[in-house]
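The structure under discussion appears below in the form of structure tokens.
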Amino acid sequence: MPEFVIYLSTESISYPCNDYGYRRGKTYNHGGETFPITDLQITDSTKRYSSKRRAESMARKLFDRCEHISQWHVKETQK
């Protein structure tokens, strides 16, 4: 059965594209800004979604919540 994960990346002044990684399902606040908790690879802690639509909806919410996110991709995986 397919599952879906969210991959996040950001841009900064010093690097054209800085990869966050795969979303773990939580965020944290630092200095008044919200950041996602991620891993560079898919792990047991990676948040998985049962449908692509649900993963895309959450990715859009994260994009609005975390101002450093500039790109996101939903990737299909297998259990």
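Remarks
- Solvent exposure ordering (accessible area, 1.4 Å, most first) of Met58, Met1: Met1, Met58
- With Cα atoms, 0 to 90° folded angle of helix 52-65 axis to the chain main axis: 10 degrees
- Using alpha carbons only: equivalent-ellipsoid semi-axes of the chain, gyration tensor based, whole Å: 22, 13, 12
- Heavy-atom accessible area with a 1.4 Å probe sorts His30, His73, largest first, into His30, His73.
- Only helices enter the 222 nm calculation for the chain: every DSSP H run of n ≥ 4 contributes -39,500 (n - 2.57), and dividing by all residues gives -5500 deg cm²/dmol, rounded to 500.
- Accessible area expressed per residue, the chain, with surrounding protein chains retained (probe 1.4 Å, Å²): 70 Å²
- Ignoring lysines fewer than eight residues from Lys61 along the same chain, the ones with Cα atoms less than 24 angstrom from its Cα are Lys26, Lys47, Lys52, Lys75.
The values are calculated or read from the model by the stated rules, or taken from the named source; none is laboratory data. Keep in mind that this is a model prediction, so the values were computed, not measured. Protein only, heavy atoms only, side chains kept; ligands, DNA and RNA dropped before computing areas. Shrake-Rupley method; radii C 1.70, N 1.55, O 1.52, S 1.80 Å.
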